[in-house]
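Quick notes on the structure that follows.
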Amino acid sequence: MTSRQHPAPTEPSDGALLFDFGGTLDADGVRWAVRFHEAYRAAGGSLPLPTFEAHFRRSDAALAELPRIRAMGFRQMVEAQAALLLRLVDDGAALDAGRIADGFHAESLAAVRRNRLLLAALLPRPLGVVSNFTGNLERCLEELELAPLFAVACDSTVIGCCKPDARIFRTALEGLTATAGDAWMVGDNFEADVRPAAALGMRTCWLAPAERPMPADGVATMRAARLSDFLALVA
């Protein structure tokens, strides 16, 4: 975890805001597997999403094991994952890993630039990131010019526990000197972000496209199709 000091909020209503990273800060509730699949199809790939996603999960595991992963910034990590994917995917097409990385990266940057301005407007409200990541979350936040906005960044590899483990949320709240009852958790993964945060007493926002069905036993305080919708509400 990394911590920085921001001025304390001046009003009791200005509670802490915790955000997931992938699919939340760099997209509007769309998982990396889906976005990589879209970039893969745009580059000429033919596998359907369910088949592709099995390969994507293996590439995730391989990415985490790369000796240099903790030193990678966002762009380099995306390039590494695209290359790993093409070693796993066998659909008979001659695909360009660089093109896949370019498509995913450009879409991510567009979302980050849009969200960065809105997040900056919330300061000095305490903001944090809680992400299941590969030890290089801080480097990615720095490259994307998001790091100055967050007083705490909890990377599961660095912390030693992953969402939905309550310990990673508690670590973030402690870093912000915040209580669960006064905090929000915003994320695109219902089981990893929303349900465990709600169990701790946090308010929650499920970031998800409108067509995604709410779990039958959903417990989110609210849902939003775009991060900007939530940020406008709490600004």
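Things to note:
- Qualifying residue in the range 203-220 (condition: buried (at least 20 other Cβ atoms within 10 Å of the Cβ), under 14 Å from LEU18 (Cα atoms) and either among the small types (Gly, Ala, Ser) or not assigned by TED's automatic domain parsing to the domain that holds ASN115 (or both)): no
- Checked against the criterion of being in contact (Cβ under 8 Å) with a residue 24 or more places away in the chain, more than 28 Å from ALA225 (Cβ to Cβ) and surrounded by fewer than 18 Cβ atoms within 10 Å (Cβ to Cβ), the range 45-58 has at least one qualifying residue.
- Which listed residue, of GLU138, GLU145, GLU191, is touching a residue at least 24 places away in the same chain (Cβ under 8 Å), surrounded by fewer than 24 Cβ atoms within 10 Å (Cβ to Cβ) and in a loop (DSSP other than H, G, I, E, B): GLU145
- Looking across the range 173-216, the residues that are among the small types (Gly, Ala, Ser) and within 17 Å of ALA33 (Cα to Cα) come down to GLY187, ALA192, ALA208.
- Residue check, ALA121 crowded, with 16+ Cβ neighbours inside 10 Å, assigned by TED's automatic domain parsing to the domain that holds ALA220 and more than 28 Å from SER59 (Cα to Cα): no
- Qualifying residue in the range 19-33 (condition: at pLDDT 95 or above and either in a helix (DSSP H, G or I) or more than 26 Å from PHE169 (Cα to Cα) (or both)): yes
- Residue tally, condition of a type in the set (Lys, Arg) and within 19 Å of ARG125 (Cα to Cα), over the range 185-235: 1
- Residue count, the range 121-135 (criterion: in a loop (DSSP other than H, G, I, E, B), closer than 16 Å to THR24 by Cα and touching a strand residue (DSSP E or B) at 6+ places or on another chain (Cβ under 7 Å)): 1
- Selection count, the range 84-112, where residues are closer than 14 Å to PHE52 by Cα and in a helix (DSSP H, G or I): 6
- Taking the range 82-124 as the range and being in contact with a Pro (Cβ under 6 Å, 6 or more places away or on another chain) and modelled with pLDDT of 95 or more as the test, no residue passes.
The values are calculated or read from the model by the stated rules, or taken from the named source; none is laboratory data. Since the model is a prediction, treat every value here as computed from it, not as a measurement. All Cβ positions, even for glycine, are placed from backbone atoms using ideal geometry, and neighbour counts span all protein chains on display.
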